[in-house]
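Asker: I'd like to ask some things about the structure below.
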Amino acid sequence: MSMVIAIREASPGGDYSPAKEKASNRGVYGGRSPLLHRRLRLFVGGAKYKLMLFLSLLISLYLLSSKISPFMGWNPHYPSSVSSPSRGGYTVLINTWKTNTLLKQSVAHYASCHGTDGIRIVWSEIDPPSNKLRANLKKVAERAHKENIRFDLNDEVNLNNRFKPIEDLKTDAIFSVDDNVIVPCRTLDFAFSVWQTAPLTMVGFVPRMHWLNEETNGVVHYRYGGWWSVWWMGTYSMVLSKAAFFHKKYLELYTNKMPSSIHNYVSKARNCEDIAMSLLVANATGAPPIWVKGKLYDIGSSGISTLKGQSDRRNKCLNDFVSLYGTMPLVSTNVKAVDATHEWFW
Ligand SMILES: *[C@@H]1O[C@H](CO)[C@@H](O)[C@H](O)[C@H]1NC(C)=O
């Protein structure tokens, strides 16, 4: 009898019924002493309470984060360059080769980005783009209200084509990208705002490194460091032009001022135009590039650069270019640019 009274006291809701009591006794706590039962119930109640407290804390933090800034008077004075990249904007320079499906997809994507002022497609084939492809891209352009989409035709495959100066460019910023690489618009516009703070620097998403390999007879030998080594060490000295911003003046420098031995090397090797561009910018600025945090999407394999023995070729290019320069112009760094509005905990 005393047991019943005790339980009655413990449930302030007053929803006691002998049937319920029996059922719960037969259940999890069946056979245990009444005192233990009571303690457990209290404990479970406490844990639930704590969980609810924690959840409501999270929700109020979330609400606060969206409400507190106007309340505190933290209103941006005018839109930041991230939210209004129309101040200047950029031209997307797409390098394509025999992959029309990818090209259509990537043009449609980049046309939809707010900061895109125009799109130039570097076409390097004997046959010009088909009327069907042109019509398709024209439709895409009209839908996105971006009339400034054009082909730059070259009748030979030469990787130097991708860095030919572009006539009547409206923007200083070039976003150079392979036809199989998609960068989400938000990420792209953020990287553009990073570039605006350092317009002579290359700003991109694919970092690479030159590692010191060995020194024989006073000649320094370097090893081209791919993604794994950069990820492990957090150090890089190049960002690849498969997804990078740079100033349009580097197109002019690459094509008209860079030693022709490097042009010849690139067109013969059918590779390493991106390394050549990285060296060129590093030599001109004496500074490292900037790596921006962001996820890229690979929508298929690009026609050009998926060759066997890639890492040997890259090592060779790097060392051959460095010996052409006579010095190592690349500068390494550990800086990585992230969008602070998405970094909650410092
Ligand atoms: C490197 O930069 C220097 C100084 O700006 C310039 O004189 C030189 O021609 C550049 N080297 C190459 C190989 O472009």
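Asker: Could you rank the peptides 312-322, 177-187 by their average count of other C-beta atoms within 10 Å per residue, with the highest value first?
Answerer: 177-187, 312-322
Asker: Identify, among 235, 161, 184, the residue whose Cα sits farthest towards the positive end of the charge dipole of the stretch 143-242, taking +1 on the Cβ of Lys and Arg and -1 on the Cβ of Asp and Glu, with the dipole about the Cα centre.
Answerer: Positive-end residue among those listed: 184.
Asker: Determine the alpha carbon to alpha carbon distance for each of 104/316; 138/257; 316/336; 146/242 and list only those over 30 Å.
Answerer: Going by Cα-Cα distance, 104/316; 138/257 fall outside the 30 Å limit.
Asker: Quick one: net charge of residue 252's neighbours, Cβ under 13 Å, K/R +1, D/E -1?
Answerer: Residues near residue 252 contribute +2 overall.
Asker: The stretch 90-341: D in µm²/s via Stokes-Einstein (Kirkwood Rh, Cα pairs, 10 °C, 1.306 mPa s)?
Answerer: Result for D is 86 µm²/s.
Asker: Keeping every protein chain in place, order 156, 273, 167 by accessible area at 1.4 Å, biggest value first, i.e. largest first.
Answerer: If we order 156, 273, 167 from most to least accessible, we get 167, 156, 273.
Asker: Run the dipole for the stretch 231-346 about the Cα centre, Lys and Arg Cβ at +1, Asp and Glu Cβ at -1, nothing else charged, and hand back the magnitude in debye, nearest 20.
Answerer: Computed charge dipole of the stretch 231-346: roughly 240 debye.
Asker: For the stretch 90-341, what relative contact order do you get, as a whole percent, if you take Cα pairs closer than 8 Å and at least 6 residues apart?
Answerer: 23 percent
Asker: Got the relative contact order for the stretch 200-346 handy, in percent, Cα pairs under 8 Å and 6 or more residues apart?
Answerer: Relative contact order comes out at 33 percent.
Asker: Quick check: Cα centre of the stretch 106-140 to Cα centre of the stretch 155-218, how many Å?
Answerer: Centre-to-centre distance over Cα atoms comes out at 19 Å.
The values are calculated or read from the model by the stated rules, or taken from the named source; none is laboratory data. On a predicted model such as this, the values are computed, not experimentally measured, just so you know. When we count neighbours, we look across all protein chains shown, and the Cβ atoms used for this are built from the backbone with ideal geometry, even at glycine. For accessibility, only protein heavy atoms count, side chains too; no ligands or nucleic acids. Shrake-Rupley method; radii C 1.70, N 1.55, O 1.52, S 1.80 Å.
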